[in-house]
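The structure appears right after this line, and notes come after that.
Throughout, read-outs are computed from the coordinates displayed, never taken from laboratory work. Not measured: the values here are computed from a predicted model. Reconstructed Cβ throughout: ideal geometry from the backbone, glycine too, with neighbour counts over all protein chains shown.
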Ligand SMILES: Nc1ncnc2c1ncn2[C@@H]1O[C@H](COP(=O)(O)OP(=O)(O)O)[C@@H](O)[C@H]1O
Ligand SMILES: [Mg+2]
């Protein structure tokens, strides 16, 4: 039977991330309260919302930096976690979890580069230690990625010598060196001086144009509007509103969304 009515496949794209009814608490604090989101191949989805609404926790749950209590996560059709008969989430075994999570690259607000390694060493580290790639195989790829983010000439510099925008572009190149199918960004420009956000957003737009599947937590409403296909608004651990980007900004429905946008725009 043709699959055209399957709601799990937005716009007929293969599903890359399917998060269903995720619940996550820290102690008595329920930080994610039945969060569901589906991301299709090549889709760019922006996640916006006030501080403390659970955006980072949601991203961190998707690639197992945090574990979920209830609900399920599938990555490219493979089960990372699924609810058991007791209603609690059960994870795949460690090797499976590692393998599945390697499909996702993540970029953090704080760059997280290794300070004692050069730019090139930062980019080739994980492919060598995690993927067991040979140095002579990964170096040309790493150099190509550095060219792509405009930092080939900084290859032998240490991160301490780079601007914040340059560091973040290295962090993007480093994530891409693992050849992920999905990129998760957690406020990648929030730690940057305003004049440095543009160069990072340009790199991200370029990735989007190359049809990378991207989930981007951001306060950059311009980026959300122009580069994202869909926008998700989170508040108090819930997805309050979700719409195509143009629609979302033109006619936000929920009062909380309107209030938030009024402050942001
Ligand atoms: N490791 C943690 N331990 C305890 N509470 C946490 C932890 N991480 C996040 N929280 C809490 O979860 C809530 C959501 O945080 P977060 O996901 O960082 O929100 P956002 O990224 O939207 O600002 C906040 O109340 C925060 O204090
Ligand atoms: Mg956050």
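Restricting to Cα pairs below 8 Å that are 6+ residues apart, what does the relative contact order work out to for the stretch 49-92? Please round to a whole percent.
Relative contact order, the stretch 49-92: 25 percent.
Using a Gaussian network model of the chain with C-alpha springs under 10 Å, which one of 243, 81, 251 is most mobile by mean-square fluctuation?
Fluctuation is largest for 251.
For the stretch 64-159, what are the per-bin percents of Cα-Cα distances with bins 10 Å wide, up to the bin holding the maximum?
14, 34, 26, 18, 7, 1
Can you tell me the orientation of helix 119-129 relative to the chain, as the angle in degrees between its alpha-carbon axis and the longest Cα principal axis, to the nearest 10?
That helix lies at roughly 70 degrees to the long axis.
Compare the peptides 135-147, 165-177, 212-224 by average per-residue count of other Cβ atoms within 10 angstrom and give them in order, highest first.
Those peptides, ordered most packed to least, come out 165-177, 212-224, 135-147.
On full extension of the chain, what length is gained from residue 250 through residue 112, given 0.36 nm per residue of separation minus the C-alpha to C-alpha distance?
Here the answer is 46.1 nm.
Quote the relative contact order of the stretch 113-265 in percent (integer), defining contacts as alpha-carbon pairs under 8 Å separated by 6+ residues.
17 percent
Over the stretch 1-150, calculate the relative contact order: mean separation of alpha carbon pairs under 8 Å at least 6 apart, over the residue count, as a percent.
16 percent
Work out how much length residue 147 to residue 86 would gain on full extension: take 0.36 nm times their residue separation and subtract the Cα-Cα distance, in nm to one decimal.
Result: 16.9 nm gained on full extension.
With r defined as the distance between the Cβ atoms of residue 21 and residue 136 and R0 fixed at 41 Å, what FRET efficiency is calculated, to the nearest 0.05? Don't skip to the end; give the middle numbers.
Numbers: r = 47 Å, r/R0 = 1.14.
Taking R0 as 41 Å, the efficiency between residue 21 and residue 136 is 0.30.
Within a 10 angstrom radius of the beta carbon, how do 43, 76 rank from fewest other beta carbons to most? It would help to have the intermediate numbers written out before the result.
Working: 43 23, 76 16.
Exposure proxy ranking, most exposed first: 76, 43.
How big is the stretch 225-265 by Rg and Dmax over its Cα atoms, in Å?
Answer for the stretch 225-265, Rg first and Dmax second: 9.6, 26 Å.
Please report, in cubic angstrom per residue, the volume enclosed by the convex hull of the alpha-carbon atoms of the stretch 14-78.
Dividing the Cα hull volume of the stretch 14-78 by its residues yields 79 Å³.
Rounded to two decimals, what ratio of Rg to Rh does the chain give with C-alpha atoms and a Kirkwood Rh?
Value, to two decimals: 0.97.
If you take the Cα atoms of the stretch 7-146, find Rg, then find the Kirkwood Rh from the mean of 1/r over all pairs, what is Rg/Rh?
1.01
Given a Förster distance of 30 Å, report the FRET efficiency between residue 13 and residue 265 from their Cβ-Cβ distance, rounded to the nearest 0.05.
0.55
Classify the stretch 186-265 as rounded, prolate or oblate, taking a ≥ b ≥ c as the square roots of the eigenvalues of its Cα gyration tensor: rounded when a/c is under 1.5, otherwise prolate if a/b is larger than b/c and oblate if not.
prolate
Given 0.36 nm per residue, what is the gain on full extension from residue 76 to residue 95 after removing their alpha carbon distance, in nm? Walk me through the numbers before you get to the answer.
Values: separation 19, 0.36 × 19 = 6.84 nm, distance 1.65 nm.
Here the answer is 5.2 nm.
What's the angle, to the nearest 10 degrees (0 to 90), between helix 194-209's Cα axis and the longest principal axis of the chain?
The two axes meet at around 80 degrees.
Stick to the Cα atoms of the stretch 60-105, pair each with every other, and give me the Kirkwood hydrodynamic radius in Å at one decimal.
Answer for the stretch 60-105: a Kirkwood hydrodynamic radius of 10.5 Å.
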